[in-house]
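K.L.:
Would you mind keeping the following structure in view while I ask a few things?
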Amino acid sequence: MIELNRKVVHMTADDRLLIKAVETGLPVVSRPYAEIAQQLNISEEDVILRLQQLMDNGAIKRYGVVVRHKELGYTSNGMVVWNIPDDRVEELGKCIGQYACVTLSYRRPRRLPDWPYNLFTMVHGINREEVTNKIEEIVEQCNLQDIEHTTLFSTRRFKQRGASYTQEDTRSENKNTTKLRVVK
């Protein structure tokens, strides 16, 4: 059982095995669900039906590919941090998040007095100038001219992948012990 935005979702052991089978990506074969079904000893139809049920009940929000943006020519990205009045974060976060160049948007707690920012958004572009222009467009279109913000440009990519919720935690001190990350 997990709690999602105050909604409790009951998950079976089979649901967790299915999530584990798809969270690292689908096999690149003509019938990926059939291959997963064979691994789990269930039918292809059951895989598709159970994935749809997990999406319908909110356990899976969506799934798709993780695009390696640098390989596609998007060599610049900036984390824009915003100091938005608390009563406007939801409204302005939705406005900012509607832009295709924004790939994530998270509200986080401020760390006063040193860190006043409470909304974090990632903006991608071909170069810094394009990222800066996109941010200026967002500022204008969302009426953010009076909102304090700064852009932290990435200088090196260490890791890029989707989240993993069922894989073994390889940081375990005791290598004979398996620890699983808990979905909360």
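K.L.:
Where the eigenvalues come from the Cα gyration tensor of segment 1-127, what are the semi-axes √(5λ) of the equivalent ellipsoid, largest first, in whole Å?
P.N.:
Over the Cα atoms of segment 1-127, the ellipsoid semi-axes are 35, 21, 11 Å.
K.L.:
May I pose another question? List the residues whose amide H sits under 5 Å from the amide H of ILE84, counting only those 5 or more places along or on another chain, with H placed 1.01 Å from N in the peptide plane.
P.N.:
ASN118, LEU119
K.L.:
Taking 2.2 N^0.38 Å as the expected size of a compact globular protein, what ratio does the Cα radius of gyration of segment 61-146 give against it, to two decimals?
P.N.:
1.14
K.L.:
Once phi is turned into ³J(HN,Hα) by the Karplus curve 6.51 cos²θ - 1.76 cosθ + 1.60 with θ = phi - 60°, what whole-Hz value does each residue of segment 116-133 show in order, with x for glycine and proline?
P.N.:
x, 7, 10, 10, 10, 10, 9, 10, 10, x, 6, 8, 4, 4, 5, 4, 4, 5
K.L.:
Of all the Cα-Cα pairs you can form in segment 59-104, what percent are over 13 Å apart?
P.N.:
71
K.L.:
Separate question: Provide the convex hull volume over Cα atoms per residue for segment 1-74, in Å³.
P.N.:
Details: hull volume 8.0 nm³, N = 74.
Here the figure is 108 Å³ per residue.
K.L.:
Something else now. For each pair in LYS61/LYS159; LYS94/LYS159; LYS20/LYS61; LYS94/LYS134; LYS20/LYS159, compute the distance between the two Cα atoms and list the pairs where it is over 25 Å. If you can, show how the numbers build up before the last one.
P.N.:
Numbers: LYS61/LYS159 22 Å; LYS94/LYS159 27 Å; LYS20/LYS61 15 Å; LYS94/LYS134 16 Å; LYS20/LYS159 20 Å.
Those over the limit are LYS94/LYS159.
Read-outs throughout are calculated quantities, based only on the coordinates presented, and are distinct from any laboratory measurement. Note that the structure is predicted; figures quoted are calculated from it, not measured.
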